[in-house]
Structures are given as C-alpha cells and as structure tokens.
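This report concerns only the one structure given below.
Nothing in this text is a laboratory measurement; each read-out follows from the coordinates by a stated rule. Since this is a predicted model, take the numbers as computed values, not measurements. As a convention, Cβ positions derive from the backbone with ideal geometry for all residues, glycine included, and neighbour counts pool all protein chains shown.
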Amino acid sequence: MTASTPALARRAGFRHDLLAVARRALRLSIRDKEAIIPGLMVPLFFLIVNIGSLQSFVEGNLPPGFDFKGFQLPVSIIFAVTGISRAGSLVIDIQDGYLDRLLLTPVNRATLLLGCMIADFAVVALLAVPVLILGLIIGISFKTGLLGMIMFIALAVAWGLAFTGFPYAIALKTGNPIAVNNAFLLFFPFAFLTTAYVPQEQMTGWLATAADYNPVTYLLAGMRTLILQGWDASALGQAFLASGIVGAISFTLAFTALRGRVHRK
C-alpha cells in the first residue's frame, strides 16, 4: 500500500455484524430492567384482577364447564410481550449520533435492525415465562401438557416479535422518543376489538365483524385451544399465520424506514 492509497475499512461479514449488534442490544436490555419489569407487572396484575372480578359473572352466563382462567391467560401474555423492543434505545442512538457513526462503517445495514430483534426475541421469551408460571400457580392446566406450554410460549414470542417492527419504524422515521413510547397505542385496536373478554360466538354487531378481521382473534384462539381443548392444527396454523401477516407488515415498514434513514446520510 502506497502513501497515496486510502485505507478502507474491510467488511467483517453479515454473521459478525449481526452478532456484534445483537450482543450490544442484549447487554443494554439487561441493564434496562426498569423499562421491562413494569411492563410485565401490569399484565400480571390485570390477570389476577380480571379473574377475581369477572370469573363468577362470565362463567355464570356461559355453558357449564367454561374455564375463565384459561380463557384469560393468553390475553395477559399477549399484553406482556407486545411493544417490547429496543426502539427506545435506537432513538437514543439516533439522537447522540451513534447510528450515524455506524452508518459510516461498512456494517451490513440490515443487521442494525436484525441484531436488535434477536435481543427482542430473547427478552420476549423471558417475559412470557413468568406469566405462564403465574397461570399454573392459580390453577390453570394445559390439555396439551408440557409440549403445549412450549407451543404457547412460541405463539407469544412470534406475536411479540412480529409487533416490534412498528416501534422500530417509528423510531427510524421520527427519531422521537415520545412517538416511540406511544407506539403501544397501536396495539389497542388489536387488544380490545377482539375476544379478550368473551368468546367470539357471544359477540354481535360491528364488534363481531371487527373481531373477524382482527389477527389477535386468531392468535388468542390458537393459544386457548392449547389450554382448553387440545391440539388443533387449524387453529394453531391460523395463529401463526396471523402473527406472520402482522410481522410482514411491521418488518416492511421498519426496513423501509431504515433504508430511508440510510439514504439521508
């Protein structure tokens, strides 16, 4: 290399870049417990409150044998895992210039999001476990046994990861922490225009129609079959498909926002 030849950074490769971003995101997640633990406590609290206040009323107005505890557990676990992402930290990286400095390096651009999503996957899986344990403590049993519990966690993780694209898209598009914190509001139509509190056959009018088109309806149905009925390949397939459709939309928005931010630099 002559004195006039510029020194160029060498690409480390997709795998190296992905692991480096994922390790950093995991370390930050471990340090950021105060952003995660409150989000877990609220679903656990409402699981206990909803069962204590509504179980007798709901079971008294439905056919004998209806298990309101098992019916409510999927709702709580979905609330626990939805909106968990490193989008808030990504906004900090944008504001303090760290992301801009990364974009000056030959790091693979896709790994900047994929690495964060690996950390999200781990955190979401860990958050789902305490909710499941609480359900077992209060007397919920799975018709599908231990394997069904694993599938139950898998469905929760699939949904939690699918939803992460929305806050990432907002973070990359706006760089605004308030906008990212409000991303959870996107979940409210998913959460309440569905079978959160009553079976779908009990719903009428426009709410029944909204539930028919709500992906969370099919996610909850698949999770509930594992608890209340047994293995149902159709319900489980629809549950994973619902998460897949939401994930396809949210990831498209997130990676489009990433490309837009890269092109502005």
Taking the Cα centre of the chain as origin, sum charge times position over the Cβ atoms of Lys and Arg (+1) and Asp and Glu (-1), and report the length of that vector in debye to the nearest 20.
1240 debye
In the chain, which helices (entire DSSP H runs) extend 15 Å or more along their own long axis, judged by Cα positions, while averaging at least 1.0 on the Kyte-Doolittle scale?
37-60, 68-81, 111-137, 145-163
FRET E, pair Ser53, Leu19, Förster distance 30 Å, beta-carbon r, rounded to 0.05:
0.05
Roughly how many whole Å is it from the C-alpha centroid of region 30-63 to that of region 194-243?
19 Å
Show me the ranking of peptides 161-167, 53-59 by mean Cβ neighbours inside 10 Å, starting with the highest.
161-167, 53-59
Neighbour net charge for Asp232 - beta-carbon separation under 14 angstrom, K R +1, D E -1
+2
Need one word for region 103-201: rounded, prolate or oblate. Basis is the Cα gyration tensor (sqrt eigenvalues a ≥ b ≥ c); a/c below 1.5 gives rounded, then a/b vs b/c decides.
oblate
Listed residue (Phe66, Ala110, Ala210) projecting farthest to the positive dipole end of the chain, Cβ model
Ala110
Cβ neighbours within 10 Å, averaged per peptide: list 117-128, 201-212, 79-90 in order, most packed at the top.
79-90, 117-128, 201-212
Quick one: grab the alpha carbon gyration tensor of the chain, order the square roots of its eigenvalues as a ≥ b ≥ c, and give me rounded if a/c is under 1.5, else prolate or oblate depending on whether a/b is larger than b/c.
prolate
Aspartates and glutamates with Cα under 16 Å of Lys143, excluding same-chain neighbours fewer than 8 positions away
Asp67, Asp232
What 222 nm value per residue comes from the helices of the chain, counting each DSSP H run with n ≥ 4 as -39,500 (n - 2.57) and dividing by all residues, nearest 500 deg cm²/dmol?
-23000 deg cm²/dmol
Those aspartates and glutamates that a straight Cα-Cα span of less than 20 Å connects to Lys33, excepting residues fewer than 8 apart in one chain:
Asp93, Asp120
